[in-house]
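The values are calculated or read from the model by the stated rules, or taken from the named source; none is laboratory data. Remember, it's a predicted structure, so these values are computed and weren't measured experimentally. Neighbour counts run over all protein chains shown; Cβ positions are idealised from the backbone, glycine included.
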Amino acid sequence: MKTTPFTEKHIALGAKMHEFAGYNMPIEYNGIIDEHLTVCNAVGVFDVSHMGEFWVKGPNALAFLQQVTSNNVAALEPGKVQYTCFPNEDGGIVDDLLVYQYEPQKYLLVVNASNIEKDWNWCVAHNTVGAELENASDHMAQLAVQGPKAILALQKLTAINLSDIPYYTFKVGEFAGEKNVIISNTGYTGAGGFELYFYPEAADKIWQAVFEAGEEFGIKPIGLGARDTLRLEMGFCLYGNDLDDTTSPIEAGLGWITKFVEGKNFTNRALLEKQKSEGTVRKLVGFEMIDRGIPRHGYELVTESGDAMGVVTSGTMSPTRKIGIGMGYVKPEYSKVGTEIYIDMRGRKLKAVVVKTPFRK
């Protein structure tokens, strides 16, 4: 298995380790619920160095990104971040990702760990305009410091005013004595905080500094288990569960990152534009359990009479709500908020209701 610059630290801290996207990653330390609540109420640190990073540079960088991504990259300016996806030729999604405009002709793409090779090959194959591409995934480490007290801890380590970095923007500067650290007001938890990008050589120094700065705020290392429950409570999609090569961004409720602006002829635009105007055969919805039970990925969604009408893509017991929550694709007629649906849990038909996400307000 691959390792990150922090793998030995996770093992030394007693983390429960498991393979994820080819990496030896921490799933939990002291328990998923405790770690989840730590991030909601204080501050936690995720090692997300397994994520992929590609540089896109040169005079044709924007033209390339306008072709391969769904969102309007022309709306970015240096210091801003955009959520988007790579549509494929079949109406599905190659991956969802973040685009950072670093400089006028320099962008950073942050892609899912499980899709690094797939995404890189996709970008290379579709680079018909001669943009400069660089796969920097092995030369970048990343920590996500998340929670309402993250800003108090991290402000001790930089002269940059973190309050001047709005959501989905970033600054580059000195952090914990290291130069050229990307400090990004982004995250996958809905609890606030920052994501830090830096050279792997600085990993030990930055890890130590972050934990010392956060000690008075109850900082803890957090595993991928709580990362998943936190993102699900916010209704954030997970590639491989809620999104894949067969799910379109329109079906997934990502019409807001699918921009049909003039001159942006991205992959399979015509089909997605048709779906936007005419509707789709299924929609991704959030639901809460009425009956007691925990929905799981792959469970069938059925009508009251037991007819199949969808599938659970993500599900868990909500650590903050103490009820079963989930997301899944259903036929459009069952997608309205307040509609009662049923989950087939190993032969038991349990009632749920469609709700507006996020689950955690």
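Scanning region 161-182 for residues that are farther than 17 Å from residue 106 by Cα, in a strand (DSSP E or B) and in contact with a helix residue (DSSP H, G or I) (Cβ under 8 Å, 6 or more places away or on another chain) gives 175, 178. Residues of region 14-66 that are of a type in the set (Val, Ile, Thr) and either without any contact (Cβ under 8 Å) to a residue 60 or more places away in the chain or under 30 Å from residue 106 (Cα atoms) (or both): 45, 48, 56.
Against the criterion of being assigned to a loop (DSSP other than H, G, I, E, B) and touching a residue at least 60 places away in the same chain (Cβ under 8 Å), residue 158 does not qualify. All conditions in (1) more than 17 Å from residue 339 (Cβ to Cβ); (2) touching a residue at least 60 places away in the same chain (Cβ under 8 Å) hold for residue 289, with the sole exception of (1). Selection over region 93-135 of residues that are in a loop (DSSP other than H, G, I, E, B) and surrounded by fewer than 19 Cβ atoms within 10 Å (Cβ to Cβ) gives a count of 7. A Cβ distance below 6 Å, combined with a sequence gap of six or more or placement on separate chains, defines the contacts here; from region 259-272, residues that are among the basic types (Lys, Arg) reach residues that are buried (at least 18 other Cβ atoms within 10 Å of the Cβ) and modelled with pLDDT of 95 or more in the pairs 259/71; 259/72; 264/66. When 94, 110 are screened for being in contact with a Gly (Cβ under 9 Å, 6 or more places away or on another chain), more than 27 Å from residue 318 (Cα to Cα), at pLDDT 95 or above and not acidic (Asp, Glu), only 110 passes.
Pairing each residue of region 114-141 that is at pLDDT 95 or above with any residue that is of a type in the set (Gly, Ala, Ser) and assigned to a helix (DSSP H, G or I), provided the two are 6+ apart or on different chains, yields C-beta distances under 6 Å for 116/137; 129/63; 131/61; 141/203. Restricted to region 345-361, and to residues there that are of a type in the set (Lys, Arg) and outside any strand (DSSP E or B), the residue that is farthest from residue 192 (Cα to Cα) is 346.
Each residue in region 294-310 was checked for being of a type in the set (Gly, Ala, Ser) and closer than 23 Å to residue 240 by Cβ, and 3 pass. If the condition is being aromatic (Phe, Trp, Tyr) and closer than 18 Å to residue 47 by Cβ, then region 202-240 contributes 207, 211. In the set (1) crowded, with 21+ Cβ neighbours inside 10 Å; (2) out of contact with any helix residue (DSSP H, G or I) (no Cβ under 6 Å at 6 or more places or on another chain); (3) of a type outside the set (Lys, Arg), residue 314 fails one condition alone, (2). Candidates are the residues of region 186-215 that are farther than 21 Å from residue 136 by Cβ and free of Cβ contacts under 8 Å to residues at least 24 places away in the same chain; the one that is surrounded by the most Cβ atoms within 10 Å (Cβ to Cβ) is 212.
The number of residues in region 172-184 being under 18 Å from residue 99 (Cβ atoms) and surrounded by fewer than 20 Cβ atoms within 10 Å (Cβ to Cβ) comes to 1.
The single condition among (1) of a type outside the set (A, V, I, L, M, F, W, C); (2) modelled with pLDDT under 95; (3) part of a strand (DSSP E or B) that residue 197 does not meet is (2). Across region 335-360, the qualifying residues are those that are out of contact with any Asp or Glu (no Cβ under 9 Å at 6 or more places or on another chain) and modelled with pLDDT of 95 or more, and the one among them that is surrounded by the most Cβ atoms within 10 Å (Cβ to Cβ) is 335. Scanning region 136-152 for residues that are among the aliphatic types (A, V, I, L, M), in a helix (DSSP H, G or I) and touching a strand residue (DSSP E or B) at 6+ places or on another chain (Cβ under 9 Å) gives 150, 151.
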